[in-house]
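We did not get these values from a lab; they are worked out from the coordinates using the rules stated. Keep in mind the model is a prediction, meaning the values are calculated, not measured. Note that we place each Cβ from the backbone using ideal geometry, even for glycine, and neighbour counts take in every protein chain shown.
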Amino acid sequence: MKKFLTLSATAAAAMIALAGCSTDGGSMPGMNHGGSTTSTVEATVTTGEHNAADTTFAQMMTPHHVQAVQMSDIMLAKSGLDPKIMALATDIKAAQGPEIKKMNTWLTGWSEPTAMAGNHSMNGMMSATDLDKLKAAQGTEASKLFLTQMIAHHEGAVEMAKSEVTDGKNADAVALAKSIVASQETEIKNMKDLLAAL
């Protein structure tokens, strides 16, 4: 029971931070903002131990996911594209958005910074020039560019996730990494098929 109470306080504090609510400092263990969101956040707070690999995974995968969502948003703002490309962009955004929140909640629960200090290169990340090209492209050219960029982006994410599976300690983080490997390897195959058909 003691562990659950600690989890509830941590979850409430994480939920307040994520929701942007202001408090007068410190967590408020007795505070309940009501609704089912509390149990949702509680489910994503990891109580197990974590190591440096878990922290690095969450800190690096978060901005990696943020960029994938950004790339998807660029495509979803265009008109006249193949419905399969639009569906792919929608699916990527729907999958990775909640994972971003989950990893930030973990980092907060672990008392770790949500962003990694300094500049760290990550495989598969697009440059500002790459994103500008994607924004400017239209029609089939945009679809081809999106697929080419997202394949490389996913391959970088899979590489990072495999490192977490090997080196991570936290069961929830390792489980997410395994899920990323499985889902993104499937999407890479699907994207290569879509690219070949264009």
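Rounded if a/c is under 1.5, else prolate if a/b is larger than b/c, else oblate: which is the stretch 48-197, with a ≥ b ≥ c the root eigenvalues of its Cα gyration tensor? Prolate. Residue ranges 136-144, 114-122, 79-87, 178-186 sort as 178-186, 136-144, 79-87, 114-122 when ordered by packing (mean number of other C-beta atoms within 10 Å per residue, highest first). Cross-link pairs exceeding 18 Å between alpha carbons, from the set Lys84/Lys192; Lys93/Lys162; Lys101/Lys144: Lys93/Lys162; Lys101/Lys144. Remark: the stretch 48-197 carries a charge dipole of roughly 340 debye about the Cα centre, counting +1 on each Lys and Arg Cβ and -1 on each Asp and Glu Cβ.
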